[in-house]
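One structure is given here, and the rest of the page talks about it.
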Amino acid sequence: MSAKVIPVLDLRHIQRAAHVPALAEAATGLLSDTLARPLRDLRISVTDRCNFRCVYCMPKEVFDKNYAFLPHAALLSFEEITRIASLFVAHGVEKIRLTGGEPLLRKNLERLVGMLRALPTPSGNELDLTLTTNGSLLARKAQALKDAGLNRVTVSLDSLDDATFKRMNDVDYPVSDVLRGIEEAHRVGLGPIKVNMVVKGGLNDQEILPMARHFKGSPVVLRFIEYMDVGASNGWKMDEVIPSAEVVRRIDQELALVPVAPNYSGETAARWQYADGSGEIGLISSVTQAFCHECTRARLSTEGKLYTCLFATHGHDLRALLREGRSDTEISGAIAHVWEARGDRYSELRRADTTGPLAEGDSTAPRKVEMSYIGG
Ligand code: SAM
Ligand code: SF4
Ligand code: SF4
């Protein structure tokens with residue numbers, strides 16, 4: 001494999017450092033990695049920008065006015081995204097999630113949705129097309145997204161209390177606008193809607209029960225996400241992680257819960273149902289109960305690099321292949337080559353006392369890419 005690695009530690013350079021994948025012979029059909037995990041899901045980051053500055057994702061001190069976001073020319077165009085996506089679909093991807101940054105900041109995103117919707121799948125089954133959003137622009141965009149063929153949305157909301165929510169998004173954004181987005185998405189048929197709540201100890205864990213009470217009995221599935229050590233800038237500490245078991249314990253004390261079997265093998269969220277039959281919640285325990293052994297997810301960054309793990313330190317530059325005029329067969333072979341060499345299982349190997357693979361004091365180790373860039 002020819003590698004183009006920029007040997008410096010500045011984050012902005014490291015984000016762009018990438019290996020250009022080898023051009024293997026065409027390999028179509030289903031793929032399996034070194035741990036026998038198939039390629040099933042593709043997350044596409046359509047922008048590295050965001051109108052929020054969530055403290056656990058894009059802290060203001062790092063993502064300030066001097067931060068070098070990608071220039072427009074570096075972004076994959078909708079045509080380029082669709083071409084790459086079609087090759088992934090031919091390799092067995094059945095589910096595509098658009099993310100970012102804040103995906104609804106990308107102009108005319110519904111046009112991309114329409115282009116992806118038109119992709120044929122080898123099985124003939126409809127592609128599952130979803131989007132994760134902070135909800136701020138959702139009320140305005142929901143109908144157009146639905147009309148273009150989006151199936152569902154996941155909305156991030158960390159609190160129902162304005163003061164807490166504003167402390168978390170750090171841009172003074174009110175809860176009511178996000179709730180309006182959720183309502184509109186439901187009204188136009190972008191359900192079943194999932195709401196993601198990242199629980200950060202000492203910041204919003206007092207909101208676990210109010211959130212559970214609010215969404216219990218509604219069509220929304222609330223999912224609690226353990227605060228993760230993604231990227232290299234959120235200052236993650238293990239003692240700020242509230243384990244999912246503790247979330248269940250707190251809810252169960254007031255609202256009895258019973259465990260439910262997963263919908264399908266590889267589902268990231270463990271499911272619990274309210275004992276009175278009024279809906280369910282999900283728990284995503286990336287820290288305390290890692291699920292790497294079932295991880296079937298590839299990520300395409302905003303500038304077209306393929307990452308095989310959320311905690312990766314480098315990506316494989318598919319944009320370079322596209323823009324140097326490589327054929328579908330060649331790019332498809334390169335994707336196969338990367339997936340077949342994949343052995344990532346970061347969360348299963350995570351050490352409790354570290355902020356990532358970067359050992360403290362080791363200034364030469366590569367840093368993990370930021371979640372807003374790679375796509376959450
Ligand atoms: N901006 C959109 C949003 O917030 O929904 C999409 C991108 S965001 C990176 C995707 C998801 O990652 C969100 O649900 C967010 O809460 C989650 N996330 C970001 N940083 C996280 C962290 N450190 N630990 C756990 N989840 C995180
Ligand atoms: Fe933006 Fe989403 Fe990250 Fe919050 S979690 S800063 S909304 S990309
Ligand atoms: Fe998948 Fe990497 Fe997360 Fe493990 S740590 S579940 S391999 S993305």
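Considering (1) surrounded by 18 or more Cβ atoms within 10 Å (Cβ to Cβ); (2) assigned to a loop (DSSP other than H, G, I, E, B), the lone condition that Phe69 does not fulfil carries the number (1). From the residues in segment 296-307 that are in a loop (DSSP other than H, G, I, E, B) and either among the aliphatic types (A, V, I, L, M) or surrounded by 24 or more Cβ atoms within 10 Å (Cβ to Cβ) (or both), which one is farthest from ligand 1 (Cβ to nearest atom)? Top of the filtered list is Gly304. Filtered by the rule that a residue be in contact with a strand residue (DSSP E or B) (Cβ under 9 Å, 6 or more places away or on another chain) and in a helix (DSSP H, G or I), segment 180-208 gives Gly181, Ile182, Ala185, Asp205, Glu207, Ile208. Taken over segment 222-269, residues that are surrounded by fewer than 16 Cβ atoms within 10 Å (Cβ to Cβ) and either in a loop (DSSP other than H, G, I, E, B) or on the phi > 0 side of the Ramachandran plot (or both) amount to 9. Take Ala290 and tell me if it is within 28 Å of Gly202 (Cβ to Cβ), assigned to a loop (DSSP other than H, G, I, E, B) and within 16 Å of ligand 3 (Cβ to nearest atom). Taking the combined requirement at face value, the residue satisfies it.
For segment 182-229, a residue qualifies if it is within 16 Å of ligand 1 (Cβ to nearest atom), without any contact (Cβ under 8 Å) to a residue 60 or more places away in the chain and within 14 Å of Leu160 (Cα to Cα), and the qualifying residues are Ile182, Val195, Met197, Val199, Asn204, Asp205, Glu207, Ile208, Met211. Annotation: Leu310 fulfils all but one of (1) free of Cβ contacts under 8 Å to residues at least 60 places away in the same chain; (2) hydrophobic (A, V, I, L, M, F, W, C); (3) surrounded by 21 or more Cβ atoms within 10 Å (Cβ to Cβ); the unmet one is (1).
Each reported figure results from applying straightforward, stated rules to the coordinates on display, with no laboratory input. What you see is a predicted model, and the numbers here were worked out from it, not measured in a lab. Neighbour counts run over all protein chains shown; Cβ positions are idealised from the backbone, glycine included.
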